[in-house]
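Chemist: Dropping the structure in here first, questions after.
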Amino acid sequence: ERHSVWDANNFFNNRSGQPKTSFARHQFGGDVGGPIRKNKWFAFGDYEGLRQGYPNSTINTVPTALQNQGNFSQTFASNGQLIAIYDPATLSVLSDGTRQRAVFPGNIIPVSRFDPVAAKTVGFFPAPDIAGNSVTNNNNYLFASKSITNSNKYDMRTDANFSDNTRMFIRFSRQMDNRIVPGTMPLPIGGGRQTTDHYSQAMVDVSHVFTPATVIEVQATWSRALAYQFGSS
């Protein structure tokens, strides 16, 4: 059993003034077994469960308020040089074959030139929540999320003594895991993935003693593993 109440905040959250993300790990289980028929038939079962939420913090770059409006007059490279936004409609070819385009006036894309799909997509990005680089405005968004792991495991076994010479046991085991790893931004823009695994195994074993020197044992085993993953990025 673990909980974030005992944990310290991480470096990136402290630097940006963000509270620590909640963390919890609960692992539990039990078992039971005993005779069903004295000296003849026995049964046993166990279960183990895990519920865990692990904190994640990622720093990303999202459009600034000006960039969302098509205004790139304050968009600079790391060397302080303005990143020019060229108008594709002004493409021309000079006599020597050189291609050239004109920069949008003021480095601002007019609203009338916005692509409707791009304008809709930009609306899914969250607003900056931390101070980014003083020149480029990069690394201006901190996303605190939680990776989730849920697991269930159990085993069942029964043993039968048909006689002093003939015995049999049957065992079945199963494990089911479900893991959710969030993306680097909130949905729907952030993506993420979810993985579900199922593991199953069954075994039957029969043994018979013919003589002190002759023993036969027959065993059959069945196993199956299934894995599903869904995600986007």
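The values are calculated or read from the model by the stated rules, or taken from the named source; none is laboratory data. Everything numeric in this text was worked out from a predicted model, so none of it was measured. Positions of Cβ are generated from backbone atoms using ideal geometry, with glycine treated the same way; all protein chains shown enter the neighbour counts. These area figures cover heavy atoms from the full protein model, side chains too; ligands, DNA and RNA do not enter into them. Shrake-Rupley method; radii C 1.70, N 1.55, O 1.52, S 1.80 Å.
Chemist: Expressed as a whole percentage, what fraction of the accessible surface of the range 122-191 belongs to carbon and sulfur atoms when a 1.4 Å probe is rolled over the protein heavy atoms?
Modeler: Taking all protein chains in place, the range 122-191 shows 56 percent carbon and sulfur surface.
Chemist: When a/c reaches 1.5 or more, the comparison of a/b and b/c decides; with that in mind, is the range 23-132 rounded, prolate or oblate per its Cα gyration tensor?
Modeler: It is prolate, given that a/c is not under 1.5 and a/b is the larger ratio.
Chemist: With a cut-off of 13 Å, note down the residues of the range 57-95 whose backbone N falls inside the zone around a label point 7 Å from the Cα of residue 114 toward its beta carbon.
Modeler: Those under the cut-off are 65-71.
Chemist: Then there's this: For the residue pair residue 189 and residue 26, what label-to-label distance in nm results when each label sits 7 Å from Cα along the Cα-to-beta-carbon direction?
Modeler: 3.4
Chemist: Which value, in debye to the nearest 20, describes the size of the charge dipole of the chain about its Cα centre when Lys and Arg Cβ atoms bear +1, Asp and Glu Cβ atoms bear -1, and nothing else is charged?
Modeler: Dipole about the Cα centre, nearest 20: 260 debye.
Chemist: Choose one answer from 195, 211, 58: the residue with the largest mean-square fluctuation in a GNM of the chain with alpha-carbon springs under 10 Å.
Modeler: 211
Chemist: Work out the charge dipole of the chain with +1 on the Cβ of Lys and Arg and -1 on the Cβ of Asp and Glu about the Cα centre, then indicate which of 66, 188, 34 is farthest towards its positive end.
Modeler: Among 66, 188, 34, the one farthest towards the positive end of the dipole of the chain is 34.
Chemist: Now, a different point. At 7 Å along Cα-to-Cβ for each site, give me the label-to-label distance between residue 178 and residue 102 in nm.
Modeler: 5.9
Chemist: Express the accessible area of the chain per residue in Å², computed with a 1.4 Å probe while the remaining protein chains stay in the model.
Modeler: 66
Chemist: Any idea how far apart residue 171 and residue 86 come out in nm if each label point goes 7 Å out from Cα toward Cβ?
Modeler: Distance between the two pseudo-spin positions: 6.9 nm.
Chemist: Quick one: putting +1 on the C-beta of Lys and Arg, -1 on the C-beta of Asp and Glu, what dipole do you get for the range 122-233 around its Cα centre, in Debye to the nearest 20?
Modeler: Roughly 220 debye for the range 122-233.
Chemist: I've got another one for you. Considering the dipole of the chain built from charges on the beta carbon (Lys and Arg +1, Asp and Glu -1) around the Cα centre, which of 119, 92, 220 is farthest to its positive end?
Modeler: Value computed over the given set: 119.
Chemist: Hey, another quick one. Just to be sure I follow: if Rg is taken over the C-alpha atoms of the range 97-233 and Rh is the Kirkwood radius over the same atoms, what is Rg/Rh?
Modeler: 1.41
Chemist: Further, regarding this structure: What FRET efficiency comes out for residue 155 versus residue 229 if R0 is 41 angstrom and r is the Cβ-Cβ distance? Round to the nearest 0.05.
Modeler: 0.95
Chemist: For the chain, rounded, prolate or oblate, judged on the Cα gyration tensor with a ≥ b ≥ c (square roots of eigenvalues), a/c < 1.5 rounded, else prolate if a/b > b/c?
Modeler: prolate
Chemist: Continuing with this model, one more query. On full extension of the chain, what length is gained from residue 201 through residue 221, given 0.36 nm per residue of separation minus the C-alpha to C-alpha distance?
Modeler: Stretched fully, the residue 201-residue 221 segment lengthens by 6.5 nm.
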